[in-house]
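Enquirer: First the structure, then my questions, so here it is.
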Amino acid sequence: MTRTPVNVTVTGAAGQIGYALLFRIASGHLLGSDVPVKLRLLEIPQGMKAAEGTAMELDDCAFPLLRGIDIFDDPNQGFEGANVALLVGARPRTKGMERGDLLSANGGIFKPQGKAINDHAADDIKVLVVGNPANTNALIAQAAAPDVPAERFTAMTRLDHNRAISQLAAKTGAAVSDIKRLTIWGNHSATQYPDIFHAEIAGKNAAEVVSDEAWLADTFIPTVAKRGAAIIEARGASSAASAANAAIDHVHTWVNGTAAGDWTSMGIPSDGSYGVPEGIISSFPVTTKDGAYEIVQGLDINEFSRARIDASVQELVEERDAVRELGLI
Ligand SMILES: NC(=O)C1=CN([C@@H]2O[C@H](COP(=O)(O)OP(=O)(O)OC[C@H]3O[C@@H](n4cnc5c(N)ncnc54)[C@H](O)[C@@H]3O)[C@@H](O)[C@H]2O)C=CC1
Ligand SMILES: O=C([O-])CC(=O)C(=O)O
């Protein structure tokens, strides 16, 4: 049976994450090795030529699953019929830029993109926002798309999740594949909280295996939370291949489901669970099945975790209030 190709829109297609992402989407890693895809690349006019170059390289790979590539600089066309949208292109913080300026510049990108998704995407659209500040950009896009169910707008904290698993594996000598049920709570920023109290290492409680609260507070949490800055310092450019890999993981898990007994972390509109104010886009532990996700309920949150979750959520509330003040939501 021939499947209908899935339309995948990628914004910021000519950027560094785009370059690491598009080839993996086209080779079947995003949705599955039997799912044909059509790529719709969205760039700003200055990025169109480079996007065309990337499209030429995609052609040259002769990927059997790739059924077409179109390039646009108009969001209304870029999101036409999109089933999956990866919002990667964003305005980076530049020297001397205040937070309000950054939110305002990104509002100018994510508000019209949200409206274009509302008006032109397919009914089953799933959106992942990668471009920073990812959680609040996702909120801006979601608010501009009232006809799309709010839960289809998500923000990427999977890179933080993967970083935390890797750090925990290195500390304990465990295999990455033995680590389950790790959680990133809150914002994709330095306030995020990587939680190992419910995580398991080969079936044993991770916090008990580590049994070192000083390492947790002074090494693990800051290493994970500031990893993006450490990569920039070392590479002279921000994480690109690992960010693209995490975007692939996020959508693949959303579409294809979490493994039995495990969960993942996604930035999603809060339903009020765990005292996170309803509506803000915060990272939670989630299971996924049949293309939908659910927040893992009933976890005991100890004092150590509560203070850190609250601090990150407070930052998200402040970002929400700032974009509300700017008329962006
Ligand atoms: N959530 C996460 O874990 C991570 C997020 N990021 C963020 O991802 C974003 C992209 O990173 P890079 O690819 O390294 O940046 P980049 O600067 O290499 O590429 C960004 C691309 O977006 C394009 N662009 C800008 N405005 C656009 C618009 N309105 N429509 C379509 N395209 C537009 C630019 O022309 C450029 O080609 C940044 O905001 C970065 O901070 C990066 C790593 C991890
Ligand atoms: O700050 C950046 O652009 C990179 C980033 O989000 C990360 O690596 O986590």
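Enquirer: How far is helix 48-60 tilted, in degrees, relative to the longest principal axis of the Cα atoms in the chain, given as a value from 0 to 90 rounded to the nearest 10?
Expert: Its long axis makes an angle of about 90 degrees.
Enquirer: Additional query: Check each of the trypsin sites (Lys or Arg not before Pro) in the range 1-93 and keep only those in coil by DSSP with at most 14 other C-beta atoms within 10 angstrom; list them in order.
Expert: Those satisfying the criteria are Arg3.
Enquirer: Further question: Could you compute the net charge surrounding Glu318? Neighbours are other residues with a C-beta less than 14 Å from the C-beta of Glu318; K and R count +1, D and E count -1.
Expert: Surrounding charge for Glu318 is -3.
Enquirer: Taking the Cβ of Thr136 as the center, what net charge do the other residues with Cβ under 15 Å away carry, scoring Lys and Arg +1 and Asp and Glu -1?
Expert: With Lys, Arg at +1 and Asp, Glu at -1, the neighbours total -1.
Enquirer: Let me ask something else about it. What distance in nm separates the simple spin-label points at Lys204 and Phe304, each placed 7 Å from Cα in the Cβ direction?
Expert: With each label placed 7 Å out from Cα toward Cβ, I get 1.6 nm.
Enquirer: Measure nothing but the geometry: give the 0 to 90° angle between the long axis through the Cα atoms of 303-325 and the longest principal axis through the Cα atoms of the chain, rounded to 10°.
Expert: 30 degrees
Enquirer: Let me ask something additional. To the nearest 20 debye, what charge dipole does the range 77-181 have about its Cα centre, counting +1 at the Cβ of each Lys and Arg and -1 at the Cβ of each Asp and Glu?
Expert: Rounded to the nearest 20 debye, it is 560 debye.
Enquirer: Under the definition of Cα pairs under 8 Å and six or more residues apart, what whole-number percent is the relative contact order of the chain?
Expert: Contact order relative to length: 17 percent.
Enquirer: Please report the relative contact order for the range 158-319, taking Cα pairs under 8 Å with a sequence separation of at least 6, and give it as a percent rounded to a whole number.
Expert: Normalised by residue count, the contact order of the range 158-319 is 26 percent.
Enquirer: Compute the relative contact order of the range 140-221 as a whole-number percentage, counting only Cα pairs closer than 8 Å that sit 6 or more residues apart in sequence.
Expert: 22 percent
Enquirer: On to the next question. Give the residue from Ala164, Ala307, Ala244 lying farthest towards the positive end of the charge dipole for the range 158-319; charges sit on Cβ (+1 for Lys and Arg, -1 for Asp and Glu) and the dipole is referred to the Cα centre.
Expert: The Cα lying farthest towards the positive end belongs to Ala244.
Enquirer: Taking the Cα centre of the chain as the origin, how large is its charge dipole in debye, to the nearest 20, when only Lys and Arg (+1) and Asp and Glu (-1) carry charge on their Cβ atoms?
Expert: Computed charge dipole of the chain: roughly 520 debye.
Enquirer: As I understand it, the dipole of the range 35-182 uses +1 on the Cβ of Lys and Arg and -1 on the Cβ of Asp and Glu, about the Cα centre. Which of Ala155, Val176, Ala141 lies farthest toward its positive end?
Expert: Val176
Enquirer: Restricting things to alpha carbons, tell me how big the range 6-155 is in terms of Rg and Dmax, in Å.
Expert: Taking only Cα atoms of the range 6-155, I get Rg and Dmax of 14.8, 48 Å.
Enquirer: Based on DSSP H runs of at least 4 residues, each adding -39500 (n - 2.57), what is the mean residue ellipticity at 222 nm of the chain after dividing by all its residues, to the nearest 500 deg cm²/dmol?
Expert: -12500 deg cm²/dmol
Enquirer: Under 1.5 on a/c is rounded, so check that first for the range 211-300, then, if it is not, pick prolate when a/b is larger than b/c and oblate when it is not; a ≥ b ≥ c are the square roots of the alpha carbon gyration tensor eigenvalues.
Expert: oblate
Enquirer: So if I average 1/r over every pair of distinct C-alpha atoms in the chain and take the inverse, what Kirkwood radius in Å does that give?
Expert: One over the average 1/r among Cα pairs gives 20.0 Å for the chain.
Enquirer: I'd like to check one number: the per residue accessible area of the range 6-155, probe 1.4 Å, reported in Å² as a whole number.
Expert: So the range 6-155 comes to 41 Å² accessible per residue, rounded to a whole number.
Enquirer: Among 220-227, 300-307, 122-129, 319-326, what's the highest-first ranking by average C-beta atoms within 10 angstrom per residue?
Expert: Result, highest mean Cβ count within 10 Å first: 122-129, 220-227, 319-326, 300-307.
Enquirer: Dipole size in debye (nearest 20) for the range 105-236 around its Cα centre, Lys and Arg Cβ +1, Asp and Glu Cβ -1?
Expert: The calculated dipole for the range 105-236 is roughly 320 debye.
Enquirer: Okay, next question. What net charge do the residues around Ile248 carry, taking every other residue with its C-beta under 14 Å from that of Ile248, with Lys and Arg at +1 and Asp and Glu at -1?
Expert: It works out to a net charge of +2.
Enquirer: Which angle from 0 to 90°, rounded to the nearest 10, does the C-alpha axis of helix 134-143 make with the longest principal axis of the chain?
Expert: With both axes taken from Cα atoms, the answer is about 60 degrees.
Enquirer: Using a 7 Å offset from the Cα along the Cα-to-Cβ direction at both Asp34 and Ala217, what is the distance between the two label points in nm, to one decimal?
Expert: Inter-label distance under the simple model: 5.2 nm.
Enquirer: A follow-up question, please. Roughly speaking, what is the stretch gain from Asp59 to Ala234, that is 0.36 nm per residue apart minus the C-alpha to C-alpha distance, in nm to one decimal?
Expert: 59.7 nm
Enquirer: If a/c stays under 1.5 just call it rounded; otherwise compare a/b with b/c (prolate if a/b is bigger, oblate if not). Do that for the range 158-319, with a ≥ b ≥ c from the square roots of the Cα gyration tensor eigenvalues.
Expert: Details: a/c = 1.12, a/b = 1.08, b/c = 1.03.
Verdict is rounded for the range 158-319.
The values are calculated or read from the model by the stated rules, or taken from the named source; none is laboratory data. Because the structure is predicted, anything quoted here is derived from the model rather than measured. Cβ atoms come from the backbone with ideal geometry, glycine included; neighbour counts cover every protein chain shown. All accessible areas refer to the heavy atoms of the entire protein, side chains included, with ligands and DNA or RNA removed. Shrake-Rupley method; radii C 1.70, N 1.55, O 1.52, S 1.80 Å.
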